[in-house]
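Heads up: the structure comes next, in structure tokens.
The values are calculated or read from the model by the stated rules, or taken from the named source; none is laboratory data. What you see is a predicted model; the values in this text were computed from it and never measured. Positions of Cβ are backbone-derived with ideal geometry, glycine not excepted, and every protein chain shown enters the neighbour counts.
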Amino acid sequence: MKSESRYASAFKEHPNTLGLATLAAASFAFLTPIPLLLGLVAEGAYMLFVPDSKWYAKRLQGRYDAGIADRRKKLKEQILPRLSPAMRDRYLRLESTRDQIYNDADQNDSHAWFGDVIKKLDFLLEKFLLFGDKEVQFRNYLSSVLDEVRAEDSGINSLSVPLPSAKENKGRPLSQDIPDEIFMTPESNWVKNTVDEIKQRYQDDLDQIQKFLDTSKEIELQTQAVLNKRHDVIERRMEYIDRIGSILSNLNHQSRLMEDTFGMINDEIRARTPEQVLADIEDVVFQTNAMTSALEEVAPFEQMAARLTA
């Protein structure tokens with residue numbers, strides 16, 4: 001989230017670099033250093049006053065706002081259609097709260113630190129979308145695995161309910177059969193119940209394989225190797241399912257934390273000191289980065305699952 005300094009941005013402004021280049025060219029063309037020296041004097045005055053001026057601060061903020069708005073628009077067009085109606089509403093409320101904070105705050109008196117707050121809120125908004133997209137992908141994956149194990153239990157050929165590929169899962173909207181879990185209600189926790197059912201089915205398979213290996217006195221080495229490999233594959237799938245359930249639970253808590261933070265900032269931005277507001281939001285940014293790291297760590301599991309179900 002680091003941004004370029006105002007001085008570097010001011011120096012790279014097109015009119016400034018064009019003026020310096022023109023004066024340097026003039027000095028070269030007329031074989032005199034006077035135009036370049038005049039330019040350096042003007043550049044010194046420019047760098048002394050412009051970067052710290054309110055005018056330039058507003059110019060940078062406007063440029064930042066335009067860039068963020070364009071990037072967020074593209075993300076929304078890509079991700080929002082895949083989210084559930086409830087999740088879309090939650091995001092739009094956050095976006096509205098961000099705009100309200102921006103419009104209500106006294107930017108003239110609190111510009112420097114307020115700009116940092118807005119940047120962090122924009123960062124959290126983007127993460128809310130990205131986390132929501134990941135949640136859809138993981139929920140759809142759990143749903144497809146649940147269909148697979150139930151089909152096997154019902155005696156249906158499991159090939160009739162193939163698992164979507166990782167790429168297909170990533171682009172699918174949330175299935176209408178999967179409920180939203182905004183509130184923490186263990187008795188109706190779809191993720192927990194789904195994970196438990198899948199893991200129990202896998203455990204039954206593991207028990208059957210182990211029982212066969214333990215009770216079969218004469219078994220070919222090739223058959224034993226195949227069964228041991230199947231045992232290993234099921235254990236790995238079980239580990240992945242467990243990890244996905246944990247990630248989904250944390251994503252749910254993280255999204256609620258983001259919503260609570262936006263509400264808290266909106267409530268207290270005019271009553272607390274800049275240091276307190278920035279510290280509060282920085283804590284949430286830290287937690288969000290930790291969640292991002294956790295999702296990156298699970299990527300190898302996704303690749304493994306894609307290979308196992310290909």
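Does LEU92 qualify as being at pLDDT 80 or above, under 16 Å from LEU121 (Cα atoms) and of a type in the set (A, V, I, L, M)? It is true that LEU92 is at pLDDT 80 or above, under 16 Å from LEU121 (Cα atoms) and of a type in the set (A, V, I, L, M).
Kindly evaluate ASP267 against the criterion of being modelled with pLDDT of 90 or more and loosely packed, with under 12 Cβ neighbours inside 10 Å. The answer is no for ASP267.
Beta carbons closer than 7 Å, at least 6 apart along the sequence or on distinct chains, never pair a first residue in the range 181-201 that is modelled with pLDDT of 90 or more with a second that is of a type in the set (Lys, Arg).
Taken over the range 252-300, residues that are under 21 Å from LEU92 (Cα atoms) and of a type in the set (Ser, Thr, Tyr) amount to 3.
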